[in-house]
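Read through the structure below, which is laid out as structure tokens, and then see the notes.
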Number of protein chains: 4
Amino acid sequence: MTLLAAPAWSTSRWFNTPEGLTLDALRGRVVMLHAFQMLCPGCVSHGIPQAQRVASQFADAPVTVVGLHTVFEHHDVMGPDALAVFLHEYRVRFPVAVDQPGSGGDPLPVTMRAYGMRGTPTVVLIDAVGRVRQQAFGAYDDLKLGCDLGTLVAEALTARERPSETTRLSVSP
Amino acid sequence: MTLLAAPAWSTSRWFNTPEGLTLDALRGRVVMLHAFQMLCPGCVSHGIPQAQRVASQFADAPVTVVGLHTVFEHHDVMGPDALAVFLHEYRVRFPVAVDQPGSGGDPLPVTMRAYGMRGTPTVVLIDAVGRVRQQAFGAYDDLKLGCDLGTLVAEALTARERPSETTRLSVSP
Amino acid sequence: MTLLAAPAWSTSRWFNTPEGLTLDALRGRVVMLHAFQMLCPGCVSHGIPQAQRVASQFADAPVTVVGLHTVFEHHDVMGPDALAVFLHEYRVRFPVAVDQPGSGGDPLPVTMRAYGMRGTPTVVLIDAVGRVRQQAFGAYDDLKLGCDLGTLVAEALTARERPSETTRLSVSP
Amino acid sequence: MTLLAAPAWSTSRWFNTPEGLTLDALRGRVVMLHAFQMLCPGCVSHGIPQAQRVASQFADAPVTVVGLHTVFEHHDVMGPDALAVFLHEYRVRFPVAVDQPGSGGDPLPVTMRAYGMRGTPTVVLIDAVGRVRQQAFGAYDDLKLGCDLGTLVAEALTARERPSETTRLSVSP
């Protein structure tokens, strides 16, 4: 199985981070990219809270949660100012990028199109060497997401250390 | 870090399996041991449904879910006949053992005491080489449990195959 | 519309009350009769917690919650001793009666048959003059149950006081 | 107990209704006024879904659910165009009014101030003769809300009909 590198992110603005993040700079870490729209009910009720739980519970693991505001409809009422209020009111603390608006009248933003996303919410899991390992549209079960993250973290740590000894489980209840 | 082997299971009866299971026979697989009592509210509302979800979602992975009925109180109303009805009514399909009653008047059953469990529900995760890697009393978050299982499965597959290539995520949404 | 009087209760034992209750003695109060079996999953996950919420939230209203253990299957493992443990473990505080076992080999207990219940859980609402006003098998939505109780309480208070003034809402958030 | 009439509503725009509603025109019906802001998390997760359940379950009862968008912060990103998208995406079908913006620099809109609301979400229950009978800020339990609505509906029907016979429960499971 040969996997291509995950597409680079094209963004117009970042929140909750002093400077923008790139996949290259995150090499060595597992990345959970959470694509959402602030007025998408499934994102608000399921996706955002799940991303917040991951950011909190994997705080000590080599996992980075990144939000991506992929507005593909109702652009005029989901601009950056509205997003800023949304992130404040919902207490979203992880870094969030605004996806670069499509050019030439394309309603889909650039990164959303590059990843071939079908809608929001979409979660993309990118491994420590920068490849897309999972792309899930809609509800993503906690057990499954936890398992996928655990698998990728184990891979990342194995690659780093080639340990002969037993690794400690990265998360404990 | 050096870990001892998980204690063997002492059981008086099995349900949902033609013959009893042993840790030795499960070598090579990750084991989720779910210790419960049929009249323990936390077991019924949280532990049992979670174990059922794991059994279902990890059906294709090298993971075995085993229930252990560790009766340490109200022994007279939680005997094997009552347990059989409980398993039927709650549609529990994975193998379930009755923990061997303590001898000499010990209210704690044998396996429960051997693992040093503090009560029910308790989840014990045993890795593919037979060692206890996690023991959690009370609520065990789905994200954390999924991550821990994913980590142990990744270890098990690495040990089996020493693959040079990328493994497929074992669970997909 | 003419309604018959609710059938009297035939019981073999009571818990959580110094002496047994009767519909006659409860005249003037709205009665929520909750028929359940201790090993019925829908009763345990939905019915019992709902009855507990009603007992708590309507503590100051003329509403009495009564449990009725209507065992119609697996009689040998749901006897009074097992029920006593169940009520203790699940912290059920409202009065609970054991329905009188059917005679002549009838698997259905006497009160269950008298009310024509189809299974468990079943909620029966009896008004302040002793008539069945609602009988619901299965899940009973909180909003609907609240409305039905509110209606019957309003009726009861109107009959009592024939007030010319506005009544205070009996429950406030 | 003497109650004043509920303040009239001052609104700048209506959605989901051919023409604006007034309390006078709703005389004879129980009104559930749900004050919210589209970017208020408690409104989105709790208040709006609850108002939708009431609108659905009390469709045949003399109950009218009315939403009131009481923007008191972040006015620039919660204007009527954004609200229109919100109502569409969340499938809100009941009538919704935009509260009249405060004058003279008042951040609180007019109706919100007239009712003395403390924030969002707030539910106001107005009886069939136009008086405020309940005003609840924050989470409003389904059982309690159902009971309060049932009480007011019973009052309304009693006043209408002065029936000597038993009324049918307005909602059945």
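The values are calculated or read from the model by the stated rules, or taken from the named source; none is laboratory data. Keep in mind the model is a prediction, meaning the values are calculated, not measured. Using ideal geometry, Cβ is built from the backbone for each residue, glycine included, and neighbour counts are taken over all protein chains shown.
Couple of notes before you dig in:
- Some residue of the stretch D:134-141 being over 19 Å from C:ASP148 (Cα atoms) and either in a helix (DSSP H, G or I) or more than 11 Å from chain C (Cβ to nearest Cβ) (or both): no
- Positions within the stretch D:1-34 being in contact with a Pro (Cβ under 8 Å, 6 or more places away or on another chain) and either basic (Lys, Arg) or at pLDDT below 95 (or both), in sequence order: D:ARG13, D:ARG29
- The listed residues are B:GLU165, B:GLU155, and the only one of them that is at the interface with chain A (Cβ under 8 Å from one of its Cβ atoms), at pLDDT below 95, over 14 Å from the mean Cα position of the chain (by Cα) and closer than 22 Å to B:LEU4 by Cβ turns out to be B:GLU155.
- Subset of the stretch B:87-133 that is small (Gly, Ala, Ser) and assigned to a loop (DSSP other than H, G, I, E, B) - its residue that is nearest to C:HIS46 (Cα to Cα): B:GLY119
- In the set (1) out of contact with any Gly (no Cβ under 9 Å at 6 or more places or on another chain); (2) away from chain C (no Cβ under 12 Å); (3) modelled with pLDDT of 95 or more, D:ASP127 fails one condition alone, (2).
- Enumeration of residues in the stretch D:9-20 that are of a type outside the set (Phe, Trp, Tyr) and in contact (Cβ under 8 Å) with a residue 60 or more places away in the chain: D:SER10, D:THR11, D:SER12, D:ARG13, D:ASN16, D:THR17, D:GLY20
- Qualifying positions in the stretch B:33-90 - within 25 Å of B:PRO7 (Cβ to Cβ) and among the small types (Gly, Ala, Ser): B:ALA35, B:GLY42, B:GLY47, B:ALA51, B:ALA55, B:ALA61, B:GLY67, B:GLY79
- Here B:ALA61 meets each of (1) modelled with pLDDT of 95 or more; (2) closer than 21 Å to C:GLY79 by Cβ; (3) not basic (Lys, Arg) with one exception, condition (2).
- Subset of the stretch B:1-35 that is within 14 Å of chain A (Cβ to nearest Cβ) and surrounded by 12 or more Cβ atoms within 10 Å (Cβ to Cβ) - its residue that is nearest to B:VAL153 (Cα to Cα): B:VAL30
- Taken over the stretch D:94-152, residues that are among the hydroxyl-bearing types (Ser, Thr, Tyr) and free of Cβ contacts under 8 Å to residues at least 24 places away in the same chain amount to 2.
- All positions within the stretch D:51-91 that are more than 10 Å from chain A (Cβ to nearest Cβ), crowded, with 22+ Cβ neighbours inside 10 Å and not small (Gly, Ala, Ser): D:VAL54, D:PHE58, D:VAL63, D:VAL65, D:VAL66, D:LEU68, D:HIS69, D:THR70, D:VAL71
- The number of residues in the stretch A:131-153 being farther than 17 Å from A:PRO49 by Cα and either surrounded by fewer than 18 Cβ atoms within 10 Å (Cβ to Cβ) or hydrophobic (A, V, I, L, M, F, W, C) (or both) comes to 5.
- Test set (1) small (Gly, Ala, Ser); (2) more than 24 Å from D:VAL85 (Cβ to Cβ); (3) within 14 Å of chain D (Cβ to nearest Cβ) - A:GLY47 fails condition number: (2)
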